[in-house]
Structures are given as structure tokens and as C-alpha cells.
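Some notes on the structure that comes next.
The values are calculated or read from the model by the stated rules, or taken from the named source; none is laboratory data. Keep in mind that this is a model prediction, so the values were computed, not measured. For neighbour counting, all protein chains shown are included, and Cβ atoms are generated from backbone atoms with ideal geometry for every residue, glycine included.
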Amino acid sequence: MELPKPIYNLSDSEIERKRMIGSMGTFLLKFLTDEFIKNGYQWIMPVIFSKSTDPLWPDPGASIEKRLEAEIYGSNVKVTQSMIVHKIVACSLLYEKLFTYSPNVRIEKRERAFTGIHAYEFTQLDFEIRDAESADVIKFVESIFYKLKKVFAENYDHLPSNLENLINPPWKIFDSEKLREEFGQDWEKNVLDLNEPVWVVNIPREFYDYQDFNTGKWDNYDLYLPALGEVLSGAKREFKYSKMLEKISRDGLKEENFKVILNLAKSGKIKKCAGAGIGIERLLKWVTNVDHIGNVQIFPRIPGHVYDL
Ligand code: AMP
Ligand code: MG
């Protein structure tokens, strides 16, 4: 695989290609934004610096080389890795349904340059619903993706080939524990070979995903698209103070980094909610069928490769 070039080194035909990918991106963003607004979601603006961000730990998919912090006005802040904490707080205190396009900065290990699906800056369409169960989120996502196929078919001469795999929902659901038992560490390959969208559930990961402490099972889900891999992660959320605290300590995280969500949970103000985040550049990469995610970014953000712009 050839790594995407910076915009100032592209030939005229490569610029033209980038322009076409960009206009499909506009179409995709308009479609998604309209769908969320139509379905009653409030659109909130993202944050970049905060005392609390996603620890991205423990997550079997995470590979962070460096976590960025800065000092502003005498306070230490972190650069957003995801808006999960803000999203749960805003959904609990403010809006029953919300979404944001959130810039995420994740300094991925440089060997991820060639996975084709990792960038060190990308955008999550992050949404959350109060009083929802996982099944509600799964159903909503399936309906949006299925509609996406329809609108592309209606508006483009040729349906982008990958979209043909968006079969009628409901889509298959696999338990990550069982996949691991059956196929070992490389289970993702077997899931992608199915050539249809597939949900994977019960994935051991961060403290904010709901875990049943009696069975040990996690109430969370990832969506895998064929020829891409994971495009979405989500969960029903933990809302109990004692469980959050126990998991934060179990994961070796610092309590002080999650002070606000913990205090709110302690006073019963964190509501039951569920939601997910969709990787916008990954989704656009899949729709446009380019080989590297950097090709859908006007200014590629490739792990290990820092361009001049
Ligand atoms: P996560 O919270 O890690 O599950 O991320 C949510 C979604 O963001 C994933 O399902 C991907 O679609 C996308 N994503 C995560 N990491 C990256 C990355 N390094 N580059 C591009 N997209 C990413
Ligand atoms: Mg994930």
C-alpha cells in the first residue's frame, strides 16, 4: 500500500480525485446530520481540551503511543481522545438525545500507518440516548446504514460497490468471547470474510461501558463492515458510582481524572443511557473504496508521518 501524499504534492488528476471523494463526504455528512436531527437529536459542539477525556484503556483495539496534555491558565488539560465523558454528562443533565462531530486526537503507534484505517486525527459522529438499551441503538444504526444505501443508489449513477453489502437488517450478532474461543486472537478476519455487516458484542473494555458484575458480561457492541473492519463502537453505559469506582481502580486509572462523572454518579445524576461513535473518515473510506483513510482526509493524518500541512 502506498501512503497518501500531502495535498501540496498531488498531481492534477489526484487533486480531482480528492475533490470527488470530498463531495461524497459532503453528501454523507448531510445525510447523517439530517437523519439525527430528524430523529430528535440535539447537535452539540465538540471540546478539544479538558481535564477529563477517554482513557482508551483497557480496550483490545487501542494502541496509543503518547497521550497529549497541555497547561492552560495554570490547569493541566488533556487533548480529546473521545468525548465519551462529556457525552454521558450532557445526555444525563441536558438532552435526552444528542450528537456531535468530535475531533479525536489519538497518537496511534506508528506501525499503524499501513493498516489503512488509522489516522492520528479523525472525527467521531458521537451520539447518546437517555433511557435507551443496546438493542435500541443497534436498531437505529441499522436503519440509518440501510437508508444510506438507498440514498446513494438514488443520487449516484453507480451505487458505491461496498454499499451493496448493506443487506436488509437485522444483522448478525456475535459474542466476542465465543469468537475468541472459536477462532483465537485473529477472529476479526473470520467476521470480515462474511461479506456483510456484523455486530460483535460483549467486549471487555473501559469503565463507562456497562458490565453485569454477576455474569461478568459487557453490554456493548461494535459494528464491523466487510473490507473495512470496525466502524462503530458503543455501549449501554455504567451509571452506578460504586461500579464506576471499582472499574476505574481495577483498570489502574486515576480517580481524579474522572472526578466530575464520579461525583455526578454519586449523587444519582448520571442517567441510564446508551450510544455509540461512528468513525466518519473510516465510513467515508469504505463508501469511496479508497485503500487508505488518509486519502479521504484533505490533510492526511497518518500515524508516524507528520506532513507540513
Ligand atoms: P473507539 O472509541 O476507539 O471505539 O472509536 C470509535 C470509532 O472511531 C471506531 O469505531 C472507528 O470507526 C473510529 N476510530 C477509532 N480510532 C481511529 C483512528 N485511529 N483513525 C480513524 N478512525 C478511528
Ligand atoms: Mg472501538
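For region 225-252, the set of residues classified as free of Cβ contacts under 8 Å to residues at least 40 places away in the same chain and buried (at least 21 other Cβ atoms within 10 Å of the Cβ) consists of 238, 244, listed by residue number.
If only residues of region 78-111 that are part of a strand (DSSP E or B) and of a type in the set (S, T, N, Q) are counted, the one that is farthest from ligand 2 (Cβ to nearest atom) is 100. The set of residues from region 61-77 being free of Cβ contacts under 8 Å to residues at least 60 places away in the same chain and either part of a loop (DSSP other than H, G, I, E, B) or of a type in the set (Lys, Arg) (or both) comprises 62, 63, 66, 67, 68, 73, 74. Selection of region 231-281 for residues being aliphatic (A, V, I, L, M) and either part of a strand (DSSP E or B) or closer than 26 Å to residue 188 by Cβ (or both) yields 231, 232, 235, 274, 276, 278, 280.
Taking the numbered list (1) surrounded by 20 or more Cβ atoms within 10 Å (Cβ to Cβ); (2) more than 16 Å from the chain's Cα centre (by Cα); (3) not in a helix (DSSP H, G or I) in turn, residue 196 passes all entries but (1). Just a yes or no: is a residue in region 112-124 more than 10 Å from ligand 1 (Cβ to nearest atom), among the aromatic types (Phe, Trp, Tyr) and not in a loop (DSSP other than H, G, I, E, B)? Within region 112-124 (the criterion being more than 10 Å from ligand 1 (Cβ to nearest atom), among the aromatic types (Phe, Trp, Tyr) and not in a loop (DSSP other than H, G, I, E, B)), the answer is yes, since at least one residue qualifies.
Residues of region 181-216 that are touching a residue at least 12 places away in the same chain (Cβ under 8 Å) and within 27 Å of residue 52 (Cβ to Cβ): 201, 202, 203, 204, 205, 206, 207, 208, 209, 210, 211, 213.
In summary, residue 227 fulfils each of the numbered conditions (1) on the phi > 0 side of the Ramachandran plot; (2) at pLDDT 95 or above with the single exception of condition (2). Residues that are more than 13 Å from residue 119 (Cβ to Cβ) and free of Cβ contacts under 8 Å to residues at least 40 places away in the same chain within region 253-309 comprise 254, 255, 256, 262, 263, 265, 266, 267, 268, listed in sequence order. Among the residues of region 30-49, not a single one is part of a loop (DSSP other than H, G, I, E, B), without any contact (Cβ under 8 Å) to a residue 24 or more places away in the chain and either within 16 Å of ligand 2 (Cβ to nearest atom) or farther than 25 Å from residue 294 by Cβ (or both). Quick one: would you say residue 188 is assigned to a helix (DSSP H, G or I), within 18 Å of residue 58 (Cβ to Cβ) and touching a Phe, Trp or Tyr at 6+ places or on another chain (Cβ under 9 Å)? Yes.
For region 211-224, the candidate set comprises residues that are surrounded by 18 or more Cβ atoms within 10 Å (Cβ to Cβ) and more than 14 Å from residue 137 (Cα to Cα); within that set, the residue that is nearest to ligand 2 (Cβ to nearest atom) is 224. Checked against (1) modelled with pLDDT of 95 or more; (2) buried (at least 16 other Cβ atoms within 10 Å of the Cβ), residue 75 meets all criteria but (2).
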